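The values are calculated or read from the model by the stated rules, or taken from the named source; none is laboratory data. Fair warning: this is a prediction, and the values are worked out from it, not measured in the lab. With ideal geometry, Cβ positions are generated from the backbone for all residues, glycine too; neighbour counts draw on all protein chains shown. Ligands, DNA and RNA are stripped out before the accessible areas are found, and what is left, the full protein with its side chains, is counted by its heavy atoms. Shrake-Rupley method; radii C 1.70, N 1.55, O 1.52, S 1.80 Å.
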Amino acid sequence: IQGKRISGNLTSTFNTDDVRFVVNPLVASGSNRGGASIQVLSNSPTSVPIELRFMVESSLGSGSASQSIELFNYTTQQFESMDTRAASTADTVVEVSVTSNASRFVDPITKAVKARFGYSQSGSSSPWSMRIDQIQWTIIY
């Protein structure tokens, strides 16, 4: 986690039930811009999936922020940006899907998969929070 956990925990993200994992941003000293993010780790049943999907249902507490989803590319050993958009104050579902060379996002030895989901300040410095209702991996093989 990057940020300050306000409420909830990992099990809060298992279902779409409005029981949220809430994180406030960390703000660098001398700056009014901050961010909050989490890394989500799981295991794939195969190292060569046909399709890999990562879904997040979340909302912004207030203010304005940009949300992003990144998947870890085990070939390049770097996170790869999959989606960036303005965050909404209403619960919004965003799903990214990879069908071309999806195996690059699966560790060939451990079959680990890793995603990073986060919000970053955009616009005013008014307080905001990242509220995650559900996170889900779908791996088709």
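Taking the conditions (1) farther than 16 Å from Thr13 by Cβ; (2) touching a strand residue (DSSP E or B) at 6+ places or on another chain (Cβ under 6 Å); (3) open to solvent by 30 Å² or more (accessible area, probe 1.4 Å) in turn, Gln39 satisfies each one other than (1).
Checked against (1) over 18 Å from Thr138 (Cβ atoms); (2) open to solvent by less than 50 Å² (accessible area, probe 1.4 Å); (3) not charged (D, E, K, R), Ser47 passes all but condition (1).
Residues that are touching a strand residue (DSSP E or B) at 6+ places or on another chain (Cβ under 6 Å) and closer than 19 Å to Gln136 by Cβ were ranked within region 1-14; the one that is most open to solvent (accessible area, probe 1.4 Å) is Ile1. Reported count of residues in region 56-84, each being open to solvent by 10 Å² or more (accessible area, probe 1.4 Å), under 15 Å from Trp128 (Cα atoms) and in contact (Cβ under 8 Å) with a residue 60 or more places away in the chain, is 4.
Whether any residue in region 85-99 is open to solvent by 80 Å² or more (accessible area, probe 1.4 Å), part of a loop (DSSP other than H, G, I, E, B) and closer than 11 Å to Leu52 by Cβ is what I want to check. Yes, that holds for at least one residue.
For region 42-76, the set of residues classified as touching a helix residue (DSSP H, G or I) at 6+ places or on another chain (Cβ under 8 Å), aliphatic (A, V, I, L, M) and not in a loop (DSSP other than H, G, I, E, B) consists of Leu52, Leu71, listed by residue number. Among residues of region 43-55 that are under 12 Å from Thr110 (Cβ atoms), those with a Cβ under 6 angstrom from a residue that is open to solvent by 10 Å² or more (accessible area, probe 1.4 Å) and among the β-branched types (Val, Ile, Thr), sequence gap 6+ or separate chain, pair up as Ser44/Ile139.
Restricting region 85-105 to residues that are in contact (Cβ under 8 Å) with a residue 40 or more places away in the chain and among the hydroxyl-bearing types (Ser, Thr, Tyr), the residue that is nearest to Leu26 (Cα to Cα) is Ser97. Within region 7-21, no residue that is closer than 9 Å to Arg131 by Cα and free of Cβ contacts under 8 Å to residues at least 40 places away in the same chain sits with its Cβ atom under 7 Å from a residue that is open to solvent by 90 Å² or more (accessible area, probe 1.4 Å) and among the small types (Gly, Ala, Ser) at 6+ positions apart or across chains.
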